[in-house]
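Single-structure report; data block below.
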Amino acid sequence: MTIRGAHVQRARTTTRGRGPRWGRGLLSAVTGLTLVAAAMLGTAQIAAAAPTVTHSDAISNLAIEKTDGTGPVAQWEKVRITGDWSVPTGSKAGDTFGMSLPEEFSRTGGGAFDITDPATGVVLAQCQVADGSGPELVCTLTQAVEGMENPGGSFWLEVTASRSTTSTTVEFDLGGRVEIVELPGGGGITPEDLTEAEQPYKYGGPTAVDGRLEWVVGIPSSAVLDGGFVVKDSLDQGLENHHYTGEIRLLQRPVVDGVLVGDWSEVAATQYQVVFAPDGRSFEFTASGLPESGLSYRLLYFTQADDMVLPGDVFGNKAIVNTSETSANVVIAQSGGGSGTGDQYTRFEITKVLTGAAADEARGATFTVRYSVKGSDEPSKTLSVPVGQAVRSDRVPLGSTFIIEEVDLPVIDGVTWGDWVIEGEGVVETGDGRYEVTPATSAGVSLTLTNEANAMPVDGSLSWEKVDHAGAALAGSEWLLSGPLGDITVVDGGQGDEAEADGILSVSGLPAGTYTLTETKAPQGYERTDETFTATIDAEHQVVSFGQIVNEKTPAPTVTPTPPATPFELALTGGGDGRSLALIAFALLLSGAAVTVGAVVRRRVSASKR
């Protein structure tokens, strides 16, 4: 794993079970992480001669220090190497200096670190340590050294004392010469204690592959039951995310009288089976057909970090061997560094925060920040900023002023953007939608970019038709529409009605909410309906219709018919008794008859006279 300025800190291991966790020798192995396992898998490399570099005499004043405790250095213990460096005036970017470490020391996964000016933070050299025993250290100068006089400083790196020796000194090959350095404690490098562990154990560390971690579960011979054992392994979901690569191997080593002897060798894959969970976060390993005693085992497997690995990251892992639980954390920490001279630089980091009713809908979006340096001819640069994750700018000389703005807000269905603001120490709004900040130190400044994500406003409309039973439109109705805006009077063809045709009514510009429609006046000749109608406007239903509303016709008034007159019956007018009127009518009839008879007689008499 290539991590600039970082290595795996001592793995923190916890074992639950009866008795001691392990012997002293195993603890030393855990302190040394996975060098023994790496050697068995062929990842360790044999030391080479000093590297070919531009400045072979740049390193001097080497020393070795214990990182913990006193006394002689123990095999697999961490030690710190310190030294000075200097290169001549006129050195250029790309020039190198370095050395080969003693074969008694090794690094697992190599590593890298920067040499910087402590006053400014500018990087003067980038150093790379090789993987394996007797590794090379090569530092490459950056452009920052150009134009400097006598650039130089100091450096340090941590390595593992992986080979025991009775000599009290070790040799560093500097290319042009060999420097002999005393080991701390005066006792050389004492051999590893090979006492077998009494309980299962676990540790982990980096490899030479970027982001790849190696893990080891130790299974002492006492944990082999009926010729086998079961390991249930899972990754700690509360720490940095990583997943199993699927690579797994089982190693064995003879044990005699509680002491590891001989070498580690690989167990045939036919004697175990492993099942990985679909999500790649756990597995179950079952070994069978093993000898009942006399062998200790180590289960080796790998995980891959899901994201970039940085100093301070912590990866966790837990294993249950039969019924005994053991766990370990791997902490990525600095494993080298250095100082020198150089110009002081600074930067800003910015984190996106969302507020507003539609914040959840926009949380998966990525935002764009554009920045430039005030007074600089350099073109502006952009940063892609996800929500909740700090993103850094490039470094610029200390004292520079950044001009920062947000551009190209993402288009998200149902979201409308409100105001945005940048906040942080020393931030000043310029009034043109941009902000300025001048970081006070080389540590830079942390900024927060807050956006208001609002729900898209609803512009709804309601319509309805007034018809008779035949579906013919009826004009002249009046209505009361009640809702979030209060009561709205709607008159067909008049107040509040936006429809042009008679009998069709429409109201627009309505916000989301529930509306009630009541008829207050029916068309002429029709009965007003007592029924109320309800509709809801929301983001999915912005154009809503009540449909056709039917009115009943007003019935005509009832008229009682007059019966026809009886023959010879006179109409009764005025006052008096009906019977009197009948007598009068009868008398008139008689009188008429008499007149008639008289006339006839007169005609007959007249005729006889002739």
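The values are calculated or read from the model by the stated rules, or taken from the named source; none is laboratory data. Source: prediction; values computed, not measured. Glycine also receives a Cβ, built like all others from the backbone with ideal geometry; neighbour counts cover every protein chain displayed.
Observations, loosely collected:
- Of all residues making up region 474-512, the number that are of a type in the set (A, V, I, L, M, F, W, C) and either over 17 Å from ARG528 (Cβ atoms) or outside the structural domain of TYR526 (by TED's automatic domain parsing) (or both): 8
- Verdict on SER164 being outside the structural domain of GLU284 (by TED's automatic domain parsing) and either within 30 Å of ALA328 (Cβ to Cβ) or modelled with pLDDT of 95 or more (or both): yes
- Qualifying residue in region 527-549 (condition: in contact (Cβ under 8 Å) with a residue 60 or more places away in the chain and on the phi > 0 side of the Ramachandran plot): yes
- Test result for GLU540, loosely packed, with under 15 Cβ neighbours inside 10 Å, among the charged types (D, E, K, R) and within 39 Å of the chain's Cα centre (by Cα): yes
- Among the residues listed as THR520, THR529, the single one being part of a strand (DSSP E or B), in contact with a strand residue (DSSP E or B) (Cβ under 7 Å, 6 or more places away or on another chain) and among the hydroxyl-bearing types (Ser, Thr, Tyr): THR520
- Residue within region 480-488 that is free of Cβ contacts under 8 Å to residues at least 40 places away in the same chain, of a type outside the set (Gly, Ala, Ser) and crowded, with 19+ Cβ neighbours inside 10 Å present: yes
- In region 412-430, the residue that is modelled with the highest pLDDT out of those that are in a loop (DSSP other than H, G, I, E, B) and within 23 Å of the chain's Cα centre (by Cα) is ILE412.
- Exactly one residue out of ALA535, ALA556 is over 19 Å from GLY494 (Cα atoms) and surrounded by 13 or more Cβ atoms within 10 Å (Cβ to Cβ), and it is ALA535.
- Region 521-558 - residue that is among the β-branched types (Val, Ile, Thr) and within 30 Å of VAL458 (Cα to Cα) and, of those, modelled with the lowest pLDDT: ILE537
- Residues within region 412-430 that are hydroxyl-bearing (Ser, Thr, Tyr) and either buried (at least 16 other Cβ atoms within 10 Å of the Cβ) or under 17 Å from VAL373 (Cβ atoms) (or both), tallied: 1
- Check on GLU192, assigned to a strand (DSSP E or B) and among the charged types (D, E, K, R): no
- Within region 199-235, if we keep just the residues that are touching a Phe, Trp or Tyr at 6+ places or on another chain (Cβ under 9 Å) and at pLDDT below 95, the residue that is surrounded by the fewest Cβ atoms within 10 Å (Cβ to Cβ) turns out to be VAL209.
- Inspection of region 149-172 identifies no residue that is outside any loop (DSSP other than H, G, I, E, B), among the charged types (D, E, K, R) and closer than 29 Å to PRO397 by Cα.
- Residue count for region 110-126 under the criterion of being small (Gly, Ala, Ser) and over 13 Å from LEU137 (Cα atoms): the result is 2.
- Filter pass, LEU449 being at pLDDT 95 or above, closer than 30 Å to TRP417 by Cβ and assigned to a strand (DSSP E or B): yes
- Test: residue in region 161-168 that is among the hydroxyl-bearing types (Ser, Thr, Tyr) and more than 26 Å from TRP264 (Cβ to Cβ): yes
- Residue in region 513-520 that is among the β-branched types (Val, Ile, Thr), under 25 Å from ASP459 (Cβ atoms), surrounded by 14 or more Cβ atoms within 10 Å (Cβ to Cβ) and at pLDDT 85 or above present: yes
This table checks each residue for (1) β-branched (Val, Ile, Thr); (2) in contact with a helix residue (DSSP H, G or I) (Cβ under 6 Å, 6 or more places away or on another chain); (3) farther than 30 Å from GLY111 by Cα.
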residue	(1), (2), (3)
GLY218	no, no, no
ASP226	no, no, yes
ASN241	no, no, no
TRP264	no, yes, no
SER296	no, yes, yes
GLN304	no, no, no
PRO311	no, no, no
VAL314	yes, no, no
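- Of all residues in region 431-446, those satisfying the criterion of being outside any strand (DSSP E or B) and crowded, with 16+ Cβ neighbours inside 10 Å are ARG434, THR438, PRO439, SER442, GLY444.
Yes/no matrix, rows are residues, columns are (1) of a type in the set (A, V, I, L, M, F, W, C); (2) assigned to a loop (DSSP other than H, G, I, E, B):
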| residue | (1), (2) |
| --- | --- |
| ALA197 | yes, yes |
| TYR203 | no, no |
| LEU213 | yes, no |
| VAL217 | yes, no |
| HIS243 | no, no |
| GLY246 | no, no |
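- Candidate set from region 375-393 (those that are among the charged types (D, E, K, R) and at pLDDT 95 or above); member that is nearest to ARG363 (Cα to Cα): ARG392
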